[in-house]
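Chemist: I have a structure I would like to understand better, so I am pasting it below and will then ask my questions one at a time.
The values are calculated or read from the model by the stated rules, or taken from the named source; none is laboratory data. These numbers were taken from a predicted model, which means no experiment stands behind them. Here the Cβ positions follow ideal geometry from the backbone for every residue, glycine too, while neighbour counts run over all protein chains shown. SASA here: full protein model, heavy atoms, side chains in, ligands and nucleic acids out. Shrake-Rupley method; radii C 1.70, N 1.55, O 1.52, S 1.80 Å.
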Amino acid sequence: MSTPKLFEMDFDKAFSAEVKRLGNLATQGSYAMLRGEAPDRLIVCFYGKEVQSRSCFEYPVQNEFTVFANAKDILDLLKSFPEGKLSVRDSMLTLSAGKTRMNRALPPSIPEPVFPEFPAEGLSGLPQNVFENAALAAYAAAQSAHEDSTERVSILLTHDRVSITATNGQIAACVESPADYTGDGTEEYLLHPRVITALAPLSIKEDAPEILIGSDGRRYLLRFGEYEITVSIPSCASRRSSIDAVIKALSPTPCLDAVIDASSLTLFLERAKLLDSSARKQPVFLSADSSKGCVEAHYETGLGNIEDVLPAQTGGSLPKAVVAISPRNLSEVCSHLQLPVMQMKIYGPSSPLVVTELAGKSKITHIALPIVVKQGASEDDLPFNVNDWDE
């Protein structure tokens, strides 16, 4: 004998897209909660260890209920049924469209999510361009194949500027731009990159709501229109000082400047990827000579090699320079450039490669560690950790 329905609704593609966006915000492997509050409030929540997200929808609710499910089950169902009918029973979730119906059993023992209660006066507004700029730097933190609680984007706010940095220990990015911030003093927030990448496209719309943030000492709470997102605050310290120290240390160091077409280097990297599909990649060598006005790229594997001469405008205090970079890290930098040309600074085989660009009012700095490090150098002398960085 089937149990009575707790809830039933017809949903459209807009509802599916909204729920899937909530699921993309939350930590992978998370759970989902559906809660109905009479007369017209449906709460959908995705929650995991690091990031939790929830939103409210206006649908008629006759009986109050709360059910839990695996997040993947909900997302898989909505992928197969972008629109249709949703019904909830005590132990079963059903989605149907036309004559097709799919059921999912609801697990009985899943812990409930915990969202800190923040008073309105405990939340401060963030400048509207924060997430847009943070998305330019978030790629540098989101490089591991699994969820990492130490991956964070550092957002430092003062009264007239915002500085956003991120790193995974191999590559780093820093974005600085003016900002109108009305908060008290200087504030730093350490946000998970998946939150940045999911909310950035929504925050740049003309009718985007205000971004509010607060902290209870253990978690951040963000309110963005109908979205509520909590992010655990990592126990480890911010890695901003390491990035700032590298930039400061390199500024007086002699270097060779080269301005090259970004698409030509990207094409070279794509060809190098076709040449070698092995798990352990060889470095890409970039050598520049100010007298030749070019950057020579070289990539060699056991199957063969590829070389290219990239026209460049060269200058700086070094007449010649060479650096070896991981092809993956160099590809990531190229794919996140905002401009068609890249300004590259090569300090030598033992120093990071630095790429800078001015996009609007923002200054963007990309840093990539070299693979060839100075012989005899200790790890304490290096700007980032180098464990397993040669892929």
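Chemist: Only one of the listed values, (1) 55, 26, 15; (2) 43, 24, 20; (3) 46, 24, 18, was derived from the coordinates as semi-axes √(5λ) of the Cα gyration tensor in Å; which label is it?
Modeler: Correct label, based on the coordinates given: (3).
Chemist: Roughly how many Å² of GLU64 are accessible to a 1.4 Å probe, to the nearest 10?
Modeler: Approximately 130 Å² of GLU64 is accessible to the 1.4 Å probe.
Chemist: Where does the chain land at 222 nm, in deg cm²/dmol rounded to the nearest 500, when only DSSP H runs of n ≥ 4 count, each adding -39500 (n - 2.57), divided by all residues?
Modeler: -6000 deg cm²/dmol
Chemist: Shifting gears a bit: Could you list, in their original order, any pairs among LYS273/LYS363; LYS5/LYS79; LYS248/LYS361; LYS79/LYS361; LYS292/LYS363 whose Cα atoms are separated by more than 32 Å?
Modeler: Cα-Cα > 32 Å for LYS79/LYS361; rest within.
Chemist: With angles folded into 0 to 90 degrees, how steeply does helix 240-250 sit against the dominant principal axis of the chain? Use alpha carbons for both and round to 10.
Modeler: For helix 240-250, the angle is close to 20 degrees.
Chemist: Nearest 10 degrees is fine. How inclined is helix 71-80 to the longest principal axis of the chain, computing both from alpha carbons?
Modeler: Helix 71-80 sits at roughly 90 degrees to that axis.
Chemist: Also, I was wondering about something else. Angle between the Cα long axis of helix 262-275 and the longest principal axis of the chain, 0 to 90 degrees, nearest 10?
Modeler: For 262-275 against the chain, the angle is about 80 degrees.
Chemist: Solvent-accessible area per residue for segment 1-95 at a 1.4 Å probe radius, Å²?
Modeler: For segment 1-95, the per-residue accessible area is 48 Å².
Chemist: Quick check on packing: order 300-310, 157-167 by the mean number of other C-beta atoms within 10 Å, highest mean leading.
Modeler: 157-167, 300-310
Chemist: Related question: If I compute solvent accessible area with a 1.4 Å probe over the protein chains, what percent of it on the chain is carbon and sulfur?
Modeler: C and S atoms contribute 50 percent here.
Chemist: Treating only the Cβ atoms of Lys and Arg (+1) and Asp and Glu (-1) as charged, compute the dipole magnitude of the chain about its Cα centre; round to the nearest 20 debye.
Modeler: For the chain, the charge dipole is close to 760 debye.
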